[in-house]
Amino acid sequence: MVERANRPSALASTPGLGKQPQVSFSDDNSRVSAELPTGETLEILLYGATVISWKDASGNEKLWLSDATKLDGSKAVRGGIPVVFPVFGTAPDHAQASKLPQHGFARTSRWEFLGKSTSESAPGPPAAADLSVKLDFGLSSANLDTKTKSLWPFAFGLIYSVTLNRESLTTSLVVTNDDDKPFDFQVLLHTYLRVKDIAAVSIKGLEGASYIDKVDNASTKTQASTVTIAGETDRVYTPTTPTSEPVSVVEAGKTTFSIVRDSLGNVVVWNPWTDKAAGLADFAPKDGFKNMVCVEPGAVSGFQTLEPGDAFEGAQTITISPR
Ligand SMILES: O=P(O)(O)OC[C@H]1O[C@H](O)[C@H](O)[C@@H](O)[C@@H]1O
């Protein structure tokens, strides 16, 4: 069931139906929130369609968000899940992407809220435990300002769907080429996962993968065992395993996040550590790097070419384990 939420009224769910997910807008219409009947919550800024909060039923935050981030649409969000499109980093040598700012324009554009849908994973009378809510957001060339359009002059459409389940979050991006010529793009879901202590974290599932080490002159290396982080880390992995095999964050021996991917062949692992964090004005607290690790599914090895009328869909599902 797809239901268009009425703006600016607060609640888009049906009163009296008890066990239904609740969807609401902030007073200034800058963000949309969802809550499952079981207590899990989600908050998304229309600016960048950036997920800025995801909490379990006990109110534990799963994503890291900088205390100094701007949330007023003046700068990309530092934390949560910014959407990177149509370029990852910068691409000064790529004809179509050379003029684009770092990580493109999707994370700095205001998206449209397209609506919500709720679903049950089991047949029969709705049980609160089976409910999920999906929020859809759209961005197209028609929404861009003239300056941004001039940097990347293609007719495109993006639909970004964020689905909250009791134990997981799925974020899925569909890219369509609405132009009469092909275009090239990269895409990445820049997910800042919250951890208790980076020193106790290891990342499993990248063993044997080749990676580009961006903090060592972009040299190509092979991951020998699980990934641990003890200094600035910025790596673009190409796992050899299928995208359905999870990449997991293990904290002090316990799996806290498990990430499966759909059509996203790369995984970027990023932690700025002390010096880089010190140099990022919007990164706070300065020792916040101890409480985050970015594990970013994407398609960023080279560019994907999308022919006129074609569509690409890439997604991640992050499953949590209770702490
Ligand atoms: O500072 P930002 O533009 O948000 O980029 C933050 C980081 O994003 C990715 O993880 C890149 O691999 C890093 O090289 C970059 O520093």
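The values are calculated or read from the model by the stated rules, or taken from the named source; none is laboratory data. Predicted model only: the values in this text are computed from it and were never measured. A quick note on method: Cβ atoms are made from the backbone with ideal geometry, for glycine too, and the neighbour counts reach across all protein chains shown. Note: accessible area is taken over every heavy atom of the protein model, side chains too, but ligands, DNA and RNA are not part of it. Shrake-Rupley method; radii C 1.70, N 1.55, O 1.52, S 1.80 Å.
Each other residue within a Cβ distance under 12 Å of P246 adds +1 if Lys or Arg and -1 if Asp or Glu, for a net charge of +1.
Between the alpha-carbon centres of the range 188-232 and the range 22-71 there is a gap of 27 Å.
So if I place +1 on the C-beta of Lys and Arg and -1 on the C-beta of Asp and Glu, and nothing else carries charge, what would the dipole magnitude of the range 54-198 be about its Cα centre? I want it in debye, nearest 20. Write down the numbers at each step before the final one.
On the way: 16 positive and 16 negative charges, 85 e Å.
Once rounded to the nearest 20, the dipole reads 420 debye.
With a simple spin-label model that places each label point 7 Å from the Cα along the Cα-to-Cβ direction, the separation between S98 and S74 comes to 3.3 nm. Could you tell me the ratio Rg/Rh of the range 234-286? Both radii from Cα atoms, Rh via Kirkwood. A ratio of 1.08.
Neighbours of E167, meaning other residues whose beta-carbon lies under 10 angstrom from its beta-carbon, give a summed charge of -1 when Lys and Arg score +1 and Asp and Glu score -1. For V215, the shell of other residues with beta-carbons less than 14 Å away shows a net charge of -1, using +1 for Lys and Arg and -1 for Asp and Glu. Projecting the Cα positions of G115, P101, A284 onto the charge dipole of the range 20-320 (unit charges on Cβ atoms of Lys, Arg, Asp and Glu, taken about the Cα centre) puts A284 furthest along the positive direction.
Would you calculate, for the chain, the mean residue ellipticity at 222 nm contributed by helices, counting each DSSP H stretch of 4 or more residues as -39,500 (n - 2.57) and dividing by all residues, to the nearest 500? Present the calculation step by step, with values, prior to reporting the outcome.
Working: 2 runs with 13 residues, N = 323.
Value at 222 nm, helices only, nearest 500: -1000 deg cm²/dmol.
Residue-normalised convex hull volume from the C-alpha trace of the chain: 141 Å³ per residue. Extension gain for D180 to T146 (0.36 nm times residue separation, less C-alpha to C-alpha distance): 10.3 nm.
Accessible surface of the chain, 1.4 Å probe: 50 percent of it comes from carbon and sulfur atoms. Here each label is just a point 7 Å from Cα along the line to Cβ, and for L280 and A252 those points are 2.5 nm apart. The alpha carbons of the range 76-184 occupy a box of 55, 31, 21 Å along the principal axes, longest dimension given first.
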